[in-house]
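Only the coordinates and a few stated rules stand behind these numbers; no lab work does. On a predicted model such as this, the values are computed, not experimentally measured, just so you know. All Cβ positions, glycine included, derive from the backbone under ideal geometry; neighbour counts span all protein chains shown.
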Amino acid sequence: MPRGDAARAVAGARLAGLARGLPDGLTVRMMDLDDSKRLGDFRVRVVATLEDPDHYRMAGEVGDFVADHLGDKGVTAGIFRDGRLVAYGALGLPGPKDPNRGRDLDLPEEELSLVAHMSSAMVDPAERGRGLHHRLIDWRLEVAEALGCRHLVTTVSTRNHRSWGHLAGHGVYPKRMLRVGGDLVRLLVHRDFQSTPVFDTATAGLVAIEALAGRWDVFERGHVWGRVSLGEGNDRRWYALHGRAR
Ligand SMILES: CC(C)(COP(=O)(O)OP(=O)(O)OC[C@H]1O[C@@H](n2cnc3c(N)ncnc32)[C@H](O)[C@@H]1OP(=O)(O)O)[C@@H](O)C(=O)NCCC(=O)NCCS
């Protein structure tokens with residue numbers, strides 16, 4: 001798989017889809033190492049405002065996130081308003097000597113070079129609910145495929161149902177539960193571009209999001225496939241809908 005400038009050229013050529021139909025006043029471009037401070041500051045600001053600190057822990061990251069994703073080990077798109085960064089989506093492209101989440105999935109050694117990491121996306125609180133995350137997921141899926149990657153993998157907090165629910169909506173499904181960075185419980189989510197699983201609704205079950213981190217058994221009975229909510233207003237509760245592939 002290409003990396004560095006070659007990967008950035010492939011990714012940059014696919015920005016048009018991301019730019020099309022963006023809400024008024026927003027622009028998009030590839031980010032590079034000159035954006036290091038901008039990206040670092042933005043991430044610190046978003047993490048400081050999380051409604052639940054477990055939703056994103058920098059302690060769960062490996063390597064130097066900013067340098068890796070703006071340099072040779074990844075590609076990152078930034079969305080800007082009046083020159084200010086308001087969202088980013090980063091795709092990690094691990095090399096042969098880099099940590100590779102494909103190992104946590106027990107992928108065969110020869111497929112590790114075909115793994116990309118759906119590393120992270122963050123959106124400024126003032127710009128949420130306008131489809132930026134869904135767009136950044138689509139862009140990264142398109143770029144990963146264009147780079148010749150087969151597997152997309154990342155880890156997400158069980159409680160960050162918005163994040164993993166959005167990924168599941170794009171076919172990136174939780175496959176396992178992992179402990180990372182000490183005692184953080186994370187879903188290992190994965191999409192294999194060579195298979196399109198079909199949900200066997202006869203095996204469907206629901207788990208309340210608050211209980212998910214203790215339900216390692218769910219993965220023995222199939223994969224989590226999406227999130228659903230029941231109830232209205234303050235009584236609204238979120239659930240993981242899980243089941244087997246047919
Ligand atoms: C999680 C996070 C990235 C979501 O970002 P977002 O831009 O608000 O997400 P979106 O706007 O794409 O989607 C939110 C909702 O807006 C709706 N929406 C509104 N306009 C839309 C449009 N034009 N297109 C698509 N969806 C739209 C979607 O239906 C979606 O509903 P759903 O949750 O039922 O799918 C954001 O909350 C965030 O930055 N959180 C903190 C950091 C974090 O947790 N990051 C993820 C882990 S790395």
Could you order peptides 37-46, 72-81 by the average number of other Cβ atoms within 10 Å of their residues, highest first? 72-81, 37-46
Dividing the Cα radius of gyration by the Kirkwood radius, what Rg/Rh value follows for the chain? 0.95
The chain - mean residue ellipticity at 222 nm from DSSP helices (-39,500 (n - 2.57) per run, n ≥ 4, rounded to 500): -7000 deg cm²/dmol
How big is segment 18-67 by Rg and Dmax over its Cα atoms, in Å? 13.7, 36
Gap in Å between the Cα centre of segment 156-197 and the Cα centre of segment 108-129? 10 Å
Suppose a student asked you for the relative contact order of segment 79-169, using Cα pairs under 8 Å spaced at least 6 residues apart; what percent would you report? 31 percent
For the chain: relative contact order, % (alpha-carbon pairs under 8 angstrom, 6 or more apart): 16 percent
Using amide H atoms built 1.01 Å from N in the peptide plane, name the residues 5+ places from residue 176, or on other chains, whose amide H lies under 5 Å from its own. 188
Of 25, 47, 36, farthest towards positive along the dipole that unit charges on Lys, Arg, Asp, Glu beta carbons give segment 15-54: 25
Quick one: give the max-minus-min coordinate of the C-alpha atoms of segment 197-246 along each principal axis, largest first, in Å. 36, 22, 14
Might you report the magnitude of the Cβ-based charge dipole of the chain about its Cα centre, with Lys and Arg at +1 and Asp and Glu at -1, to the nearest 20 debye? 380 debye
